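The values are calculated or read from the model by the stated rules, or taken from the named source; none is laboratory data. On a predicted model such as this, the values are computed, not experimentally measured, just so you know. Cβ placement follows ideal geometry from the backbone for every residue including glycine, while neighbour counts extend to all protein chains displayed.
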Amino acid sequence: MRWQLARLVDAHPETATARTLTLELDSWPGALPGQHVDLRLTAEDGYSTQRSYSLAEVGDSGRVRLTIQRLADGEVSPFLADELAIGDEIELRGPVGGWFVWDPADTDPVLLVAGGSGVVPLMAMLRARRSSDSKAPFRLVYSVRQQADVYYAEELGEIAATGRDVETVIVYSRVAPPGIARSAQRVMAADLQAPGWEAGNGPRCYVCGSTGFVESVTQALVHLGHDPQRIRTERFGPSGG
Ligand SMILES: Cc1cc2nc3c(=O)[nH]c(=O)nc-3n(C[C@H](O)[C@H](O)[C@H](O)COP(=O)(O)OP(=O)(O)OC[C@H]3O[C@@H](n4cnc5c(N)ncnc54)[C@H](O)[C@@H]3O)c2cc1C
């Protein structure tokens, strides 16, 4: 896979701590929802570092869309979230990954479980479902600390309101908005259960977020009887984590 230059053509804040970037490439083969790209930054003294970012949307338009969560003490994410300017170029290679992907031709039910920025590749799956006219039932359980941290809030609301057989549930881990009966807490087994979404119905499960989030959700899913072979995970933690 070769590195190529990608140019930033659009950027907008997703939340106070995250920014969605649209990058344009000369050559892009298209991708499957769930795949990611690698970005490489090289300093004037030759020091170079790279990070992976999930595709928030897939298509073969020659543009890729990413959403970057700024980590205050991070080396790369503050630059991408705050400094990369329209017209700037950055090295990119991809698409990468063949396991954590959803095939729009697959009709099995799909249970998506996201923690924080882990929603990015799962949003690519929801968007691909819509653009492919797939009828596969989808349920997204999306854990955020508080309401202001929800990515793609408007579009998720629209998907929930108009999508047939698509359900989106936002759960709050720190502060629940007024009117929400569930007290703020981490994703629990009860959040992963819903009529029609029992393990016996055999949904494919995609879990994405920090290493700790992915491990605790996977354990809960297995405890509920989901077949570990049908649980696919992506960890966003530090490399090796
Ligand atoms: C396949 C894959 C896809 C990814 N997709 C996305 C994406 O769509 N959006 C996105 O924002 N990030 C994504 N990430 C995470 C991303 O690659 C970087 O790890 C992240 O941006 C932090 O990089 P940094 O250089 O700012 O922080 P670093 O300088 O690498 O780390 C700074 C500090 O934060 C800790 N840390 C590193 N990464 C994380 C993390 N993800 N969560 C919490 N603490 C962390 C480190 O231990 C360290 O203490 C993805 C990671 C993988 C492996």
(message) Please verify whether Leu111 is aliphatic (A, V, I, L, M) and either more than 14 Å from the ligand (Cβ to nearest atom) or modelled with pLDDT under 95 (or both), treating the condition exactly as stated.
(response) yes
(request) Output the residues belonging to the range 60-83 that are free of Cβ contacts under 8 Å to residues at least 40 places away in the same chain and not hydroxyl-bearing (Ser, Thr, Tyr). (result) Asp60, Gly62, Leu71, Ala72, Asp73, Gly74, Glu75, Val76, Pro78, Phe79, Glu83
(message) Among the listed residues Ala161, Ala194, identify the single one that is out of contact with any Phe, Trp or Tyr (no Cβ under 8 Å at 6 or more places or on another chain), hydrophobic (A, V, I, L, M, F, W, C), over 18 Å from Ala56 (Cα atoms) and in a loop (DSSP other than H, G, I, E, B).
(response) Ala194
(message) Among the residues of the range 213-241, what is the count of those that are within 13 Å of the ligand (Cβ to nearest atom), of a type in the set (Gly, Ala, Ser) and either under 13 Å from Ala114 (Cβ atoms) or touching a residue at least 24 places away in the same chain (Cβ under 8 Å) (or both)?
(response) 2
(message) Being away from the ligand (no atom under 16 Å from the Cβ), charged (D, E, K, R) and loosely packed, with under 15 Cβ neighbours inside 10 Å is the requirement here; does Glu167 meet it?
(response) no
(request) Among the residues of the range 198-212, write down those that are surrounded by fewer than 20 Cβ atoms within 10 Å (Cβ to Cβ) and within 16 Å of the ligand (Cβ to nearest atom). (result) Ser210, Thr211, Gly212
(request) Can you give me the number of residues within the range 11-48 that are under 26 Å from Ser132 (Cα atoms), modelled with pLDDT under 95 and either of a type in the set (Val, Ile, Thr) or touching a Ser or Thr at 6+ places or on another chain (Cβ under 9 Å) (or both)? (result) 2
(request) Evaluate the following for Ile86: is it in a loop (DSSP other than H, G, I, E, B), more than 11 Å from the ligand (Cβ to nearest atom) and in contact (Cβ under 8 Å) with a residue 12 or more places away in the chain? (result) yes
(message) I'd like the full set of residues that are part of a helix (DSSP H, G or I) and farther than 14 Å from Leu39 by Cα, limited to the range 53-83.
(response) Asp82, Glu83
